[in-house]
Amino acid sequence: MEKKNNYQTFMEEAPEAAAAFNSLIQSLALPNGLDQKTMQLIYIGIKASQENVQAVCAHVPMAKQAGATREEIKNTILLTLTVCGVSGVLSCLTPALEAYDAGET
C-alpha cells in the first residue's frame, strides 16, 4: 500500500480548506501571468531556501510536467545559495534530483 503524502491527507481530511487553497493557487495562474514552469521553479526555489524538502520534492514533478529540465531544477536550488546560504542546497538538492529522475526509465 502506497503511503499518502501530506497534501493528499490535507485534501481528504479538510476538503473545504483544500478547495479554497486550490482556488487561491488557480487565481494566481491568471492569463498573461507566469507560466506553470516558471511558477513551479519559483516554488522550488522558495521552498529550498526554507529547507522544506517535502515541498521541494512535491513541486519537482509538477515542474517537470510543465517542461522544466533537470538542469533548471538544479540551478533553481543552487540560486538559493546567494540569499540563504548552503543549508537549503544541502538538504534539498539530492532529494529534488532524485524526484526528477524517479519518473525516468
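Brief remarks on what is shown
- Comparing GLU16, GLU72, GLU51 in a Gaussian network model of the chain where C-alpha atoms under 10 Å apart are linked, the largest mean-square fluctuation is found at GLU16.
- Taking every DSSP helix (H) stretch of at least 4 residues in the chain, weighting each as -39,500 (n - 2.57) and dividing the sum by the residue count yields a mean residue ellipticity at 222 nm of -23000 deg cm²/dmol.
- Note that the range 11-105 presents 61 Å² accessible area per residue, ligands and nucleic acids not counted, probe 1.4 Å.
- Accessible area of the chain belonging to carbon and sulfur atoms, whole % at 1.4 Å probe: 59 percent
- Between 0 and 90°, nearest 10: helix 87-102 axis offset from the chain longest Cα axis: 70 degrees
- Taking Cα centre as origin and charging only the Cβ of basic (Lys, Arg, +1) and acidic (Asp, Glu, -1) residues, the dipole magnitude of the chain rounds to 180 debye.
- Heavy atoms of VAL53 accessible to a 1.4 Å probe, total area in Å² rounded to 10: 50 Å²
- Positive-pole candidate from ALA48, ALA63, CYS84, dipole of the chain, charges at beta carbon: CYS84
- Placing a pseudo-label 7 Å from each Cα along the Cα-to-Cβ vector at ASP101 and VAL83 gives an inter-label distance of 2.8 nm.
- Each pair of Cα atoms in the range 44-86 enters the Kirkwood radius, and Stokes-Einstein at 37 °C and 0.692 mPa s then converts it into a translational diffusion coefficient of 319 µm²/s.
- Largest GNM mean-square fluctuation among ILE44, ILE77, ILE25, using the chain with Cα springs under 10 Å: ILE25.
- Relative contact order %, the chain, counting alpha carbon pairs below 8 Å whose residues are six or more apart: 25 percent
- Rounded to 10°, Cα long-axis angle of helix 36-49 versus longest principal axis of the chain: 70 degrees
- The slack in the chain from GLU16 to ARG70, taken as 0.36 nm per residue of separation less the alpha-carbon distance, amounts to 16.0 nm.
- Selected from GLY33, GLY88, GLY45 as most flexible by GNM, with the chain as the system and alpha-carbon contacts under 10 Å: GLY33
- Backbone geometry of the range 62-74 corresponds, through the Karplus equation with coefficients 6.51, -1.76 and 1.60 at θ = phi - 60°, to 3J(HN,Hα) couplings of 5, 5, 4, 4, 7, x, 6, 8, 4, 5, 5, 4, 4 Hz, x marking Gly and Pro.
- Cα-based helix-to-principal-axis angle, 15-28 vs the chain, degrees rounded to 10: 60 degrees
- ALA68 sits among other residues whose Cβ lies under 11 Å from its own Cβ, and their net charge, with Lys and Arg +1 and Asp and Glu -1, is +1.
- log10 of Debye I(q)/I(0), alpha-carbon scatterers only, for the chain at 0.12, 0.15, 0.19 Å⁻¹: -0.44, -0.68, -1.01
The values are calculated or read from the model by the stated rules, or taken from the named source; none is laboratory data. Just so it is clear, the model here is predicted, and its values are computed rather than measured. Note: ideal-geometry Cβ built from the backbone for every residue, glycine included; neighbour counts use all protein chains shown. Just the protein is used for accessible areas: all its heavy atoms, side chains included, with ligands, DNA and RNA removed. Shrake-Rupley method; radii C 1.70, N 1.55, O 1.52, S 1.80 Å.
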